[in-house]
Amino acid sequence: MAAKHRRYGEEDRASKNKKHVSSQKDNTTTKQTKQEEHKPPSIVVVLVCAICFGVVHSVHVATMFENDRHFSHLSNLEREMTFRTEMGLYYSYYKTLVNADSFLLGLNRLMHDNLTEYPETINTLQRFNLYPELVLGGTYRIFNAVTSWLGLEMRVCWQVSRGGGLPPVISCEGLGDPAYWYLAGVWASAGLTAAFLFIQGTELSGDLLGGFLTIICFFFNHGEATRIQWTPPLRESFAFPWSIALNIAVTHVVRAPRPVWTRPLILGTLTLLYLLCWQFAQFTLVAVVGIVYVMYTIGAINPLPMLLVLLGISYGFLNNVVLQFGNTLLVSSPLAGCLLGVLLLYLFMEPIIQHLPFPTNTGVQLAFLFVSCAACKLELSRIFGVEDDAHIINILKAKFTNYSDFHTLLYTCSPEFDFLPQESLYKLNETLLIPCVALVGGAILINSLTKIKNNMIQRLDEETAEVIIPIWSGIDPGVMYNCALLAVYALMASLIMRLKLFLTPQLCVVVSLLACRKYWKIIERREIHVAILAVLVSGMCVRGFKNISEQRSIVGEYSNPELEELIEWIQSESHEDAVFAGPMSTMANLLLSTQRPIVNHPHYEHSGLRDRTKKVYSVFSRRSAESVYETLLSMKVNYVVLEESWCIRKRRPGCGMVDIWDVEEPQNRHKPSLCPRLFHRSPAPFHRVFANDVFVVLQVPSRYVEIPPPRYHSA
C-alpha cells in the first residue's frame, strides 16, 4: 500500500514538471485522434433506442402471461388464485390498500396487521418489501379517482362461460381493474429492465452495437434470464431494473470519478430503490462493495471512486433502514457488516497496513477485508439478537457437506435452490452466449496482460524517474468491474439455480464488448468488424428465434376448481375470525381471497416464521394425532388445511415431507405417517369438515368449549 499511495502522489507532482509536458501533449493528441476515429453514441439516440426496446419487452412479457393463463377471461377469484406462494402474499397487501375506505386506513392496516401471523400483530412494511405495492396501490386510487371524476370508464366487463359444469363468471379488463393496474406496473418494470440493459451494454462497450448485442442476447436467452412473465408479483420483478441501473452508475463512477455530490446521491437513490424492492438485494450489494474495494486495494482505481461508491451505498442503506422501520434482517445483514467493516478498515487499519512492503500490504489488506466484514456482521447479529439469516449459512453448508436439517431441506428440495442444471448451460451454449463471452474474456485477458507487461517494462526503464507508471495503467476499470461481477454472479448461480436471473443478463452485458474496438485491433476496418458481428448474430438467431417462438407458443387457460371450491367453502362456512394453518403456498391464497387469519405463510426468511411453520408442518410428521393437536391448539388454530400432494407425493427421493421429518426426528421412523391418515380419515381429536380430491380441512376443536363442527362438505 505504501508503494500505491506514493504512486498517486508522485503522479500529481510530476504533472507539474515541465519535462513531461511534451509527453502529456502527445497523449492528449492520441486521445483526440481516437475520439475522432469513433465518436461516442449520442445520448438522445441511446435513450430513444432504450425506450423502444423497453416497450417491446413490456409487450412481449405481457403477451406471454396472457397466453399462458388467458388472464383476461378469468374471474377476480381465479386471477387471485393464479398468484400462488409468495405472489399471493404480496398481492394481498395491494388488495388491502385498494379496497380500504381510504389510502391512510389501508396503510394503517398494513402497519398493524394481525391476519398474516395470527395472533401476533406485525408491521408488514417492516417485515416485507412492500413498497412496490404501496406505490401501485396509491397510484391506482389516484387514477381511479381522477377517471371517475372525469366520467371515464377505464374497464370493460363481460360474462364468461367456463364449461365443465362450472358456473359463468364476470371478467373485467382495462387499467380501471385493480389486477390490470398492478400488472401494468410489473410490465413497466420489465420494460425498464430491457431499457437499462441496452444502456449498460452501450455504456460498457462505448458503442451502440454493444447495446444491440446485449438486447439481442437477452431476448434470445429470455427463458434463462427472467421469469417475470410467469411470476409477476415476485420481488425480483420490481428490483432487477434498479440492480442494472446501479451497475451502470458504478461502472461510470469507477471510470470517471468526480468529487461532486450528485455521484453518491445517484448511487444512494438507486441503492434505496433496489433494497426497498427485494430482501435479497443486500447480497448482491455486498458483491458490489467488495469488488470495488478489492479494485482499490490492488491499485486498479484510486481512493475517490471507492469512497464515492461506499458513501452512495451507505446513504441508500441507511435510508432503507429508516423506511423499513429498522428491519432486523437488514440491520444485521452481511451488507451492514460489509459497509461497517470496509469503513473501519479504511479509517483505522489501512494507515498501519500501508507501511508494509508491496505486495505483502495488498495481501494483508484483502485478508483484513474479509475478517473485518465477517466480524462486524457477527457482532451486529449478536447485538440485535437476530438469527433471521442463519439459514443461509446452513444452506451453503448443505451444498458441500452432508449437513441437513428441517429448514435446510425445505429449501434444497426446491428446484429453485438446487445447483445450476446442465440444461441451462446447454441452452446458453446453443445461442452462442457462453462461447461469445469466452471469446470476450480471452480478448480482455490478452489485452490486459499486454498492458501489464508494457507497464512493468516501462517501470523498469524509468525506475529512476519521478513518475512511476501504475501497473494497471490503460486497463479499463469499468470492464474489470463488470467481469468481476460476472464471476460473482456465476458462482451464485452455480450454487442456487434461482440466481441465474443475475448471471444470464450479465453475460449479455459482457457480450457487448464484442463491439468494443480496443479489444479487436486485429480487425483494422470498422466495416469488417460490423460484418463479422452480423455473421455472429445470424448464428445466434438459429436457436434464438426458436427460443422466442417456443415461449410465445405456450398457450393455456388457468383452472383450479378444487382450490376455488375450498376458498368458497371457507368464505361461506367459516367465521370471519377463524384461524387457518397449512402448507405455506395455500395459506397465501387463503389470506388473499378470504382475508381469514393465518399462522404461517411463504415468506420464510424470518426465524420466528420458520419456527411457526415447523410447528404447523408437524401434521406431515410421524407424531401422534394428539401431539399435533396440542401443537396446533397452542397456536390458536381453528382449522388445518391438508393438500394431497404434500401428504402423499414426493417431488424427488428424500424430499417428501415425511422424509424431511425422518431427518429431523429419526427416532420416529418406525411409526406410520400421520398425514395420510388425516387426509383419508378423521382421527380424533380432529373433525373432518371439508374434503375434495385435493384438499381436506380439519377442525381443531377447543379443549374447553365444545364447538359444533360445521356442516360436512365433500366434493
- prompt: How many residues does the stretch 604-625 contain that are part of a loop (DSSP other than H, G, I, E, B), within 21 Å of Arg127 (Cα to Cα) and open to solvent by 30 Å² or more (accessible area, probe 1.4 Å)?
  reply: 2
message: Looking at Leu513, Leu507, Leu499, can you tell me which residue is open to solvent by less than 30 Å² (accessible area, probe 1.4 Å), assigned to a helix (DSSP H, G or I), modelled with pLDDT under 95 and not aromatic (Phe, Trp, Tyr)?
response: Leu499
message: Checking Ser58 against (1) in contact (Cβ under 8 Å) with a residue 60 or more places away in the chain; (2) surrounded by fewer than 16 Cβ atoms within 10 Å (Cβ to Cβ), only one condition comes out false. Which one?
response: (2)
- prompt: Is at least one residue of the stretch 444-452 part of a helix (DSSP H, G or I) and touching a Gly at 6+ places or on another chain (Cβ under 6 Å)?
  reply: yes
- request: Can you confirm whether the stretch 150-161 contains a residue that is assigned to a helix (DSSP H, G or I), more than 29 Å from the chain's Cα centre (by Cα), more than 30 Å from Thr328 (Cβ to Cβ) and of a type outside the set (Lys, Arg)?
  value: yes
- prompt: How do the pairs read when you match residues in the stretch 631-642 that are farther than 11 Å from Leu698 by Cα with residues anywhere that are assigned to a helix (DSSP H, G or I) and not hydroxyl-bearing (Ser, Thr, Tyr), using Cβ under 6 Å and keeping only pairs 6 or more apart or on different chains?
  reply: Thr631/Lys615
- prompt: Restricting attention to the stretch 672-696, and to residues there that are in a strand (DSSP E or B) and touching a residue at least 24 places away in the same chain (Cβ under 8 Å), which single residue is nearest to Ser627 (Cα to Cα)?
  reply: Arg688
task: Restrict the check to the stretch 179-198 and report whether at least one residue is touching a strand residue (DSSP E or B) at 6+ places or on another chain (Cβ under 9 Å) and small (Gly, Ala, Ser).
output: yes
query: Is one or more of the residues making up the stretch 421-437 among the hydroxyl-bearing types (Ser, Thr, Tyr), in a loop (DSSP other than H, G, I, E, B) and open to solvent by less than 60 Å² (accessible area, probe 1.4 Å)?
result: yes
message: Given the condition touching a His at 6+ places or on another chain (Cβ under 7 Å), touching a residue at least 60 places away in the same chain (Cβ under 8 Å) and part of a helix (DSSP H, G or I), answer yes or no: does some residue in the stretch 520-527 qualify?
response: no
- request: Could you check how many residues of the stretch 293-308 are out of contact with any Pro (no Cβ under 7 Å at 6 or more places or on another chain) and open to solvent by less than 20 Å² (accessible area, probe 1.4 Å)?
  value: 3
task: Check Trp187 against each of (1) part of a helix (DSSP H, G or I); (2) open to solvent by 10 Å² or more (accessible area, probe 1.4 Å); (3) touching a Leu at 6+ places or on another chain (Cβ under 9 Å); (4) touching a residue at least 40 places away in the same chain (Cβ under 8 Å) and name the one condition it does not meet.
output: (3)
- prompt: Out of (1) within 19 Å of the chain's Cα centre (by Cα); (2) surrounded by fewer than 20 Cβ atoms within 10 Å (Cβ to Cβ), what's the single condition that is false for Phe196?
  reply: (2)
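Conditions (1) surrounded by fewer than 22 Cβ atoms within 10 Å (Cβ to Cβ); (2) within 25 Å of Cys373 (Cβ to Cβ); (3) polar (S, T, N, Q), marked per residue:
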{"site": "Ser237", "(1), (2), (3)": "no, no, yes"}
{"site": "Pro241", "(1), (2), (3)": "no, no, no"}
{"site": "Asn247", "(1), (2), (3)": "no, yes, yes"}
{"site": "Arg258", "(1), (2), (3)": "yes, no, no"}
{"site": "Ile266", "(1), (2), (3)": "yes, yes, no"}
{"site": "Thr269", "(1), (2), (3)": "yes, yes, yes"}
{"site": "Ala281", "(1), (2), (3)": "no, yes, no"}
{"site": "Leu285", "(1), (2), (3)": "no, yes, no"}
task: Please enumerate the residues belonging to the stretch 484-496 that are surrounded by 21 or more Cβ atoms within 10 Å (Cβ to Cβ), more than 17 Å from Glu423 (Cα to Cα) and not hydroxyl-bearing (Ser, Thr, Tyr).
output: Leu485
- prompt: What are the pairs, 6+ residues apart or on separate chains, where a residue within the stretch 393-405 that is under 20 Å from Ala374 (Cα atoms) and among the acidic types (Asp, Glu) has its Cβ under 6 Å from a residue that is open to solvent by less than 90 Å² (accessible area, probe 1.4 Å) and not in a loop (DSSP other than H, G, I, E, B)?
  reply: none
- prompt: Has the stretch 570-577 got at least one residue that is without any contact (Cβ under 8 Å) to a residue 24 or more places away in the chain, open to solvent by less than 60 Å² (accessible area, probe 1.4 Å) and either more than 29 Å from Thr63 (Cα to Cα) or among the hydroxyl-bearing types (Ser, Thr, Tyr) (or both)?
  reply: no
query: Does Val342 qualify as being surrounded by 22 or more Cβ atoms within 10 Å (Cβ to Cβ), among the β-branched types (Val, Ile, Thr), modelled with pLDDT of 95 or more and part of a helix (DSSP H, G or I)?
result: no
task: Starting from the stretch 458-474, take each residue that is within 19 Å of Met295 (Cβ to Cβ) and at pLDDT 80 or above and list its partners that are assigned to a loop (DSSP other than H, G, I, E, B) and open to solvent by less than 50 Å² (accessible area, probe 1.4 Å), counting only C-beta distances under 6 angstrom and pairs at least six apart or across chains.
output: Trp472/Gly299; Trp472/Ala300
Residue identified as open to solvent by 70 Å² or more (accessible area, probe 1.4 Å) and modelled with pLDDT of 90 or more among Ser634, Ser673: Ser634
Residue in the stretch 359-369 that is in a loop (DSSP other than H, G, I, E, B), open to solvent by 30 Å² or more (accessible area, probe 1.4 Å) and either among the polar types (S, T, N, Q) or modelled with pLDDT under 85 (or both) present: yes
field: Subset of the stretch 87-129 [touching a residue at least 60 places away in the same chain (Cβ under 8 Å), part of a helix (DSSP H, G or I), open to solvent by less than 10 Å² (accessible area, probe 1.4 Å) and of a type in the set (S, T, N, Q)]
entry: Ser92
message: What's the number of the only condition in (1) in contact (Cβ under 8 Å) with a residue 40 or more places away in the chain; (2) assigned to a helix (DSSP H, G or I) that Tyr180 fails to meet?
response: (1)
message: Being in contact with an Asp or Glu (Cβ under 6 Å, 6 or more places away or on another chain) and farther than 30 Å from Arg517 by Cα is true for just one of Phe406, Phe400, Phe419. Which residue is that?
response: Phe406
- request: Check whether at least one residue in the stretch 453-460 is outside any loop (DSSP other than H, G, I, E, B) and open to solvent by less than 70 Å² (accessible area, probe 1.4 Å), and report yes or no.
  value: yes
- prompt: Does Lys546 qualify as being within 29 Å of the chain's Cα centre (by Cα), buried (at least 18 other Cβ atoms within 10 Å of the Cβ), of a type in the set (D, E, K, R) and in a helix (DSSP H, G or I)?
  reply: no
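The values are calculated or read from the model by the stated rules, or taken from the named source; none is laboratory data. Quick caveat, the model's predicted, so the values are computed rather than measured. Don't worry about glycine lacking a Cβ; one is built from the backbone with ideal geometry, like all the others, and counts go over all protein chains shown. Side chains included, ligands, DNA and RNA excluded: accessible areas come from the protein's heavy atoms. Shrake-Rupley method; radii C 1.70, N 1.55, O 1.52, S 1.80 Å.
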